[in-house]
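Remarks on the structure that follows.
The values are calculated or read from the model by the stated rules, or taken from the named source; none is laboratory data. Values in this document were obtained by computation on a predicted structure and should not be read as measured data. With ideal geometry, Cβ positions are generated from the backbone for all residues, glycine too; neighbour counts draw on all protein chains shown. SASA here: full protein model, heavy atoms, side chains in, ligands and nucleic acids out. Shrake-Rupley method; radii C 1.70, N 1.55, O 1.52, S 1.80 Å.
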Amino acid sequence: MQWRIEEKGFNQEKIEFFGSKFSVGNGYFGYRGTLQEYGKEQLAACTLSEIFDDNGNGWREPINMPNGLLTKVYYRNKPLSVLDSKILEHTQGLDLSAGKQYRQTTLETEDGKKVTIEANQFASIDNIHLLVMEYSVKAEAAMELTIQTGIDEEIWNINGNHFASIEQKAEGAVSGLVCKTLQDSKEIAIGQLVKITKGNGTVTNDDTDITFALSLQPGETFAFEKYVAIGKDTDCENPWESVMAFCSEASDTGFETLLSKQSAAWKKRYDSFGLSIEGDEEALQAIYYSYYLLYSSAPTHTDKVAIPARGLSGQVYKGAYFWDTEIYMLPMFAYCAPEIAKNLMMYRVHNLEGAYEKAQEYGYRGAFFPWESQEKGQDGCTHYNLTDIFTGRKMRTYFRDKQVHISADVAYGIWKYVTITKDKSILLEGGAEVIMECARFFNSYAYFKKDKDRFELLDVTGADEYHERVNNDAYTNYMVWLTAKITLEVLDFLAKEHPDHYQKVMEKLDYEKELPEVKEMAEKIYLSKPNQDGIIEQFSGYFKEEDLSIEELYSRIIEPNEYLGSPVGLAVNTQIIKQADVILLLSLLSEEFSEDVKEKNWAYYEPRTEHGSSLSTCIYALLAAKIGKVDWAYQFLMKAAKLDLLGNYKQYLGPLYIGGTHPAANGGTWMVAVQGFGGLEAVEDGIVLNPHLPEHWKQLSFRFVYGEYICQACMDSKGISLQVEADTDAPLRVKVRDQVLTAKVGENYFAL
Ligand code: BGC
């Protein structure tokens, strides 16, 4: 496996993209993959998890911290950098094995002398408050240079300043800033400690600016290490005291030791992933990279946050948590790192209150989970979420109001977590209430049509966001049905296994009257069936919309960045959809539909899908792999897996920056490899392995956890081997294609 992802040469046009591509993070913060000399114009940013702020303009976004790694080199008082100087050589890269960003740049001064800058930086996993850098400058000829390193207070924010105050601090060797947010007066401190490791220079300190005046001999190198620490009052009693301590400890430990701890921590993460592919280095690296990116934004330390739609690579999508978490990111964690999956689901449990408030706001009962959930579970989405590119006016959008499927996705997520991990404790810790309240929400949202004797869900937006406010969106209706069924199963489990808890929640939620209605909803909700051609209509009336090709739709575009969806976009009255919708339904509820239906719907919907969301191609790949259409699947897998590597996505929508990494696609990539090609599915009483490998994958091997079993599956054209470890003697039930077998713990089991 090639652990280094590298770009040679400098390209001004790619600064923003590389900022996302080479980002590092540890779930506490993300630091964009920018170079040390960059500022806000180049979108340098350190995005913090958990703290959000609205500075009064109604747009609540996560906090970007002052940039603690800002470092500039000057020659004859002029900057020497990729932005200002002649570049002789330049490499920027990411070492996945350590989660470390590196650069090596050789520049030429105005009088023809060579200077080489090298830097390595990482967001520590060992101490998530730490950002660590080593930086060196080598002069080929004798010269005087000045290096200035500090904390840049010029912060890149999408929607204006978020600090009411920034106070300078300096004590001992640590200098820094203590910032207070505008809206909630949250206190966040950032500190820096710089240690010279090679060469000499005259050092001057001016607030947070540290300047080295150097007189270098030919071939001489000057190097320093920089320890930056961030602490916020939600987890540090006194943030400034904490960051001082973190900086000093880190400096005592030293860069090399911190880096070896970092490599060991990432190794542990990759070991729990245990994926290998024989015959496809390119796919393997792209899948590892996806895993790296998703894990870099994952909350390992808290269950009070989830993973934002653009990870911690910036403030895009208001740093909010979407249904992307449950449907796209959760599976990988549930199978590879269940403790993180639990954090993600507990975030929803902690935020049931926000979902109650949202339901009440719209006149419903139960839990209506937000489309853009922020730290307290409130919806960060505004009513006017987009700007019309032609008129410059804000457009009324209904993402917030009508994507009711989010509540079903949350219930599904908790249930999936339980099915995979067998950790039912989450149900006793509030998970059951969340599921029950989601069902109650749908019970109050659904219409009962007496003449048709069925429940319908009217005026909703499904997964495909181009068509807002439709009736009976297939994905939504099926997921609501599933929510009702899950609720009944959860209550059945509680009644049998935890009768006291059953009593408690039934009383607490006053659910006696609700229960028969939820049962009725499970039986009578309208579930659209395949038509005579085997196609499931995405929503009532979809087939009546104009049926045209995507090329034809594109030919009508006037402005390159115009929005195609509701309320007035070009796709609205057509069958062109933004992202997988029916195909998502067929992938998630695979066992409910025949292979024939899956194949026909894939063939029908794919040419009508614009894949305008990064949530789309992975799902088309997943379904194709499940039904053995491996060529289709492979093509779409590679699109999803290489999205963040190649930057094949829009950086701007109108004037709004929407770039960043794509955690949903990253999680989806894992799903395609393991659940699609590997055919893994956890079910109530065991696992299913139904592999369909691309021809050039000579062997696929992956590790996963199912309940107390830790399994390594390995598959090739000869068959499947499964190694199962657990603290129990009870064998694991495994369904391989049509055979049902029991795999004994400790044995290497083989099936044809
Ligand atoms: C997609 C949504 C998704 C959101 C955040 C939108 O473009 O259409 O389904 O939840 O992005 O990733």
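Every residue in region 107-120 that is surrounded by fewer than 18 Cβ atoms within 10 Å (Cβ to Cβ) and assigned to a strand (DSSP E or B), please.
Glu108, Lys114, Thr116, Glu118
Here is a yes/no grid of residues against (1) part of a loop (DSSP other than H, G, I, E, B); (2) of a type in the set (S, T, N, Q); (3) within 19 Å of Ala355 (Cβ to Cβ); (4) touching a helix residue (DSSP H, G or I) at 6+ places or on another chain (Cβ under 8 Å):
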site: Leu427; (1), (2), (3), (4): no, no, yes, yes
site: Met436; (1), (2), (3), (4): no, no, yes, yes
site: Asn443; (1), (2), (3), (4): no, yes, yes, yes
site: Phe455; (1), (2), (3), (4): no, no, no, yes
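How many of the residues making up region 519-568 are small (Gly, Ala, Ser) and under 19 Å from Pro607 (Cβ atoms)?
Final tally of qualifying residues: 4.
Go through region 611-652 and count every residue that is in contact with a strand residue (DSSP E or B) (Cβ under 8 Å, 6 or more places away or on another chain) and closer than 30 Å to Gly160 by Cα.
2
Could you list, in sequence order, all residues of region 69-91 that are in contact with a Leu (Cβ under 7 Å, 6 or more places away or on another chain), in a strand (DSSP E or B) and within 19 Å of Lys14 (Cα to Cα)?
Within region 69-91, Lys86, Ile87, Leu88 qualify.
For Ile51, only one of the following conditions fails: (1) within 23 Å of the chain's Cα centre (by Cα); (2) in a helix (DSSP H, G or I). What is its number?
Among (1) within 23 Å of the chain's Cα centre (by Cα); (2) in a helix (DSSP H, G or I), the lone unmet condition for Ile51 is (2).
Out of Glu372, Glu326, Glu339, I need the residue that is more than 16 Å from the ligand (Cβ to nearest atom) and at pLDDT 95 or above. Which one?
After applying the criteria, what remains is Glu339.
Given the conditions (1) within 16 Å of the ligand (Cβ to nearest atom); (2) touching a Ser or Thr at 6+ places or on another chain (Cβ under 9 Å), and given that Glu456 satisfies all but one, which numbered condition is not satisfied?
(1)
Restricting to region 488-531, what's the tally of residues that are part of a helix (DSSP H, G or I) and either open to solvent by 20 Å² or more (accessible area, probe 1.4 Å) or more than 17 Å from Phe455 (Cα to Cα) (or both)?
27
Take Met479 and tell me if it is part of a helix (DSSP H, G or I), within 16 Å of the ligand (Cβ to nearest atom), closer than 19 Å to Arg454 by Cα and of a type outside the set (Ser, Thr, Tyr).
In short, yes.
Looking at Val349, Val316, which one is among the β-branched types (Val, Ile, Thr) and within 11 Å of the ligand (Cβ to nearest atom)?
So the residue among Val349, Val316 that is among the β-branched types (Val, Ile, Thr) and within 11 Å of the ligand (Cβ to nearest atom) is Val316.
Residue check, Glu468 against (1) touching a helix residue (DSSP H, G or I) at 6+ places or on another chain (Cβ under 8 Å); (2) in a helix (DSSP H, G or I); (3) open to solvent by 10 Å² or more (accessible area, probe 1.4 Å); (4) acidic (Asp, Glu), all met but one. Which one?
(2)
So, in region 571-591, of the ones that are away from the ligand (no atom under 15 Å from the Cβ) and outside any strand (DSSP E or B), which residue ends up surrounded by the most Cβ atoms within 10 Å (Cβ to Cβ)?
Leu586
Taking region 353-368 as the search range and keeping residues that are of a type in the set (D, E, K, R) and either at pLDDT below 95 or in contact with a helix residue (DSSP H, G or I) (Cβ under 9 Å, 6 or more places away or on another chain) (or both), which one is nearest to Gln403 (Cα to Cα)?
Here the residue is Lys358.
Residues are listed down the side, and each one gets a yes or a no for (1) away from the ligand (no atom under 16 Å from the Cβ); (2) out of contact with any Asp or Glu (no Cβ under 7 Å at 6 or more places or on another chain); (3) open to solvent by 10 Å² or more (accessible area, probe 1.4 Å):
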residue	(1), (2), (3)
Lys544	yes, yes, yes
Glu562	no, yes, yes
Gly565	no, no, no
Pro607	yes, yes, yes
Leu615	no, no, yes
Ile627	yes, no, yes
Trp632	yes, yes, yes
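Inside region 182-299, counting only strands (runs of 3 or more DSSP E) that do not spill past its ends, which hold 1 or more residues that are farther than 30 Å from Arg76 by Cα?
Result: 187-198, 221-232, 276-278.
Sort out which residues of region 93-105 are of a type outside the set (Gly, Ala, Ser), open to solvent by less than 10 Å² (accessible area, probe 1.4 Å) and assigned to a strand (DSSP E or B), and write them in order of number.
Answer for region 93-105, where residues must be of a type outside the set (Gly, Ala, Ser), open to solvent by less than 10 Å² (accessible area, probe 1.4 Å) and assigned to a strand (DSSP E or B): Leu94, Gln101, Arg103, Thr105.
Out of (1) more than 15 Å from the ligand (Cβ to nearest atom); (2) buried (at least 23 other Cβ atoms within 10 Å of the Cβ); (3) not in a loop (DSSP other than H, G, I, E, B); (4) not aliphatic (A, V, I, L, M), the odd one out for Glu357 is which?
Tallying (1) more than 15 Å from the ligand (Cβ to nearest atom); (2) buried (at least 23 other Cβ atoms within 10 Å of the Cβ); (3) not in a loop (DSSP other than H, G, I, E, B); (4) not aliphatic (A, V, I, L, M), Glu357 fails exactly one: (2).
Scan (1) more than 16 Å from the ligand (Cβ to nearest atom); (2) in contact (Cβ under 8 Å) with a residue 24 or more places away in the chain; (3) open to solvent by less than 10 Å² (accessible area, probe 1.4 Å); (4) more than 20 Å from Phe368 (Cβ to Cβ) for the single condition Gln538 breaks and write down its number.
Looking at each condition in turn, Gln538 falls short on (1).
Pull out all pairs, ordered by first then second residue, where Cβ-Cβ is under 7 Å, the residues are six or more apart or on different chains, the first lies in region 602-616 and is modelled with pLDDT of 95 or more, and the second is within 11 Å of the ligand (Cβ to nearest atom) and open to solvent by 30 Å² or more (accessible area, probe 1.4 Å).
That search, which allows pairs on different chains as well, returns Ser614/Tyr649.
Kindly provide the set of residues from region 121-141 that are open to solvent by 50 Å² or more (accessible area, probe 1.4 Å), part of a loop (DSSP other than H, G, I, E, B) and touching a strand residue (DSSP E or B) at 6+ places or on another chain (Cβ under 9 Å), ordered by number.
Hit for region 121-141 is Glu140, nothing else.
If I filter region 183-206 down to residues being under 15 Å from Val228 (Cα atoms) and of a type outside the set (S, T, N, Q), which single residue comes out as surrounded by the fewest Cβ atoms within 10 Å (Cβ to Cβ)?
Here the residue is Ile196.
For region 299-308, how many residues meet the condition of being within 16 Å of the ligand (Cβ to nearest atom), of a type outside the set (Val, Ile, Thr) and within 16 Å of Tyr31 (Cα to Cα)?
Result for region 299-308: 1.
Hey, among Gly660, Gly647, which residue is in contact with a Gly (Cβ under 9 Å, 6 or more places away or on another chain), at pLDDT 95 or above, within 26 Å of Pro560 (Cβ to Cβ) and surrounded by fewer than 23 Cβ atoms within 10 Å (Cβ to Cβ)?
The unique qualifying residue is Gly647.
Arg393 - would you say it is more than 16 Å from the ligand (Cβ to nearest atom), at pLDDT 95 or above, open to solvent by 30 Å² or more (accessible area, probe 1.4 Å) and more than 24 Å from the chain's Cα centre (by Cα)?
For Arg393, the condition - more than 16 Å from the ligand (Cβ to nearest atom), at pLDDT 95 or above, open to solvent by 30 Å² or more (accessible area, probe 1.4 Å) and more than 24 Å from the chain's Cα centre (by Cα) - is not met.
Here is a check on your reading of the model: is Ile406 more than 22 Å from Leu494 (Cβ to Cβ) and either small (Gly, Ala, Ser) or surrounded by 17 or more Cβ atoms within 10 Å (Cβ to Cβ) (or both)?
yes
Pairs please, first residue from region 382-396 and farther than 11 Å from Glu562 by Cα, second anywhere and of a type in the set (Ser, Thr, Tyr) and modelled with pLDDT under 90, Cβ atoms under 6 Å, 6+ apart in sequence or on different chains.
Lys394/Thr387
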